[in-house]
Amino acid sequence: MEIPHYEMLIREIAKAAAPDQVIEDLRIYTNWVLVKTGKWSLSTIFRGMPGLTDPAGMDSWMGDWLHKPGLESSIELLSSTETLRRAVGMACLKSLHPEPQTIIHGNAIDMVKNAAAHVPTCFVGYFKEGAEWREMGWPVHIVELFPRPGDIHWNDADEVLSRAQIVLMSGLTIVNETLQAVIRRTPDAKIRVMMGPTVPPSPALFECGLDLIGVTLVQNMELMARYAELGGGSISHSPLGALERINMVKDISAFKKKLLSLGAVNKEIGESDVA
């Protein structure tokens, strides 16, 4: 499987974006960026990423992007090597995408929970559920560029990644250009999931070897903005009703079969969950 390089992947994702919207507003917080074209969307600000730079000193003014064409601006911002510009670009690109018509409601992590209890599973990026499962003695590892106690550094993770049958990754793998490497380093993966607030609702990601795409939508801007301006950093602690989690799946039947092949006999996805 050949995964497009970063610039090509961004352009593939952009193909489904609305072409005529402008950037109406944007908000920048400690941990989040919120951008409005036709609707509000968000992305996490990741700092200190290898290969990327953070704005120097006070050079972080983004107001000149207001009222500019959204699609062209998002591509230009995402071509920058500055973390803030990439965050704004991804939030903008997400806001230009239509909401998927066929979705599975809920948290993507819950759909693989039963299988992760007994098959090798890797989280690429920190998720609290992964840490909880690891503490329960499940065969779960967390691979991180900035590892916490118990995590494995990205550079030292070849063994656990090569054995993983379930791989869950954050949208940072797009922004920091590691998606190709994640796919290459997980040759035995039966299920690959990308999820989190930086993930765009783009079917183009299925062509990269993903089975499930977990997307975070802004449901109540006032609640989310207040949480962000008070320093909130985790979507798991965001106010009730601020955000909505939805999931895209290329083939629901095939996804269920993969879960069953891993011994997940419970009904992770009910008919009532699919909209």
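Structure notes:
Residue by residue, here is whether (1) more than 21 Å from Ala18 (Cα to Cα); (2) touching a Lys or Arg at 6+ places or on another chain (Cβ under 9 Å); (3) surrounded by fewer than 22 Cβ atoms within 10 Å (Cβ to Cβ) holds:
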{"residue": "Ile174", "(1), (2), (3)": "no, no, no"}
{"residue": "Val182", "(1), (2), (3)": "yes, yes, no"}
{"residue": "Arg185", "(1), (2), (3)": "yes, no, yes"}
{"residue": "Val199", "(1), (2), (3)": "no, yes, no"}
{"residue": "Ser202", "(1), (2), (3)": "no, yes, no"}
{"residue": "Val215", "(1), (2), (3)": "no, yes, no"}
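- Residue satisfying all of: in the range 180-199; assigned to a loop (DSSP other than H, G, I, E, B) and not hydroxyl-bearing (Ser, Thr, Tyr); farthest from Glu2 (Cα to Cα) among these: Pro197
- So Gly63, is it exposed (fewer than 13 other Cβ atoms within 10 Å of the Cβ) and at positive phi: no
- Matching residues in the range 140-179 - criterion: being under 22 Å from Lys258 (Cα atoms) and either over 20 Å from the mean Cα position of the chain (by Cα) or not in a strand (DSSP E or B) (or both): Val160, Leu161, Ser162, Arg163, Ala164, Gln165, Leu179
- Within the range 29-56, being open to solvent by 70 Å² or more (accessible area, probe 1.4 Å) and farther than 29 Å from Arg184 by Cβ holds for Thr30, Ala56.
Per-residue answers, yes or no, for (1) under 30 Å from Val22 (Cα atoms); (2) of a type in the set (D, E, K, R):
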{"site": "Ser95", "(1), (2)": "yes, no"}
{"site": "Pro139", "(1), (2)": "no, no"}
{"site": "Ile152", "(1), (2)": "no, no"}
{"site": "Ala164", "(1), (2)": "no, no"}
{"site": "Glu177", "(1), (2)": "yes, yes"}
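- In the range 126-145, the residues that are modelled with pLDDT under 95 and either at positive phi or open to solvent by 50 Å² or more (accessible area, probe 1.4 Å) (or both): Tyr126, Lys128
- The requirement of being under 25 Å from Pro201 (Cβ atoms), open to solvent by 10 Å² or more (accessible area, probe 1.4 Å), in contact (Cβ under 8 Å) with a residue 24 or more places away in the chain and part of a strand (DSSP E or B) is fulfilled somewhere in the range 78-85, by at least one residue.
- Residue match in the range 225-234 (condition: closer than 22 Å to Gln165 by Cα, open to solvent by less than 30 Å² (accessible area, probe 1.4 Å) and either acidic (Asp, Glu) or not in a helix (DSSP H, G or I) (or both)): no
- Number of the condition not met by Thr102 [criteria: (1) modelled with pLDDT of 95 or more; (2) open to solvent by 20 Å² or more (accessible area, probe 1.4 Å)]: (1)
The values are calculated or read from the model by the stated rules, or taken from the named source; none is laboratory data. Keep in mind it's a predicted model, so treat the numbers as computed, not measured. Methodologically, a virtual Cβ is constructed for each residue, glycine included, from the backbone with ideal geometry; neighbour enumeration extends over all protein chains shown. Calculation scope for accessible area: heavy atoms of the full protein, side chains included, ligands and nucleic acids excluded. Shrake-Rupley method; radii C 1.70, N 1.55, O 1.52, S 1.80 Å.
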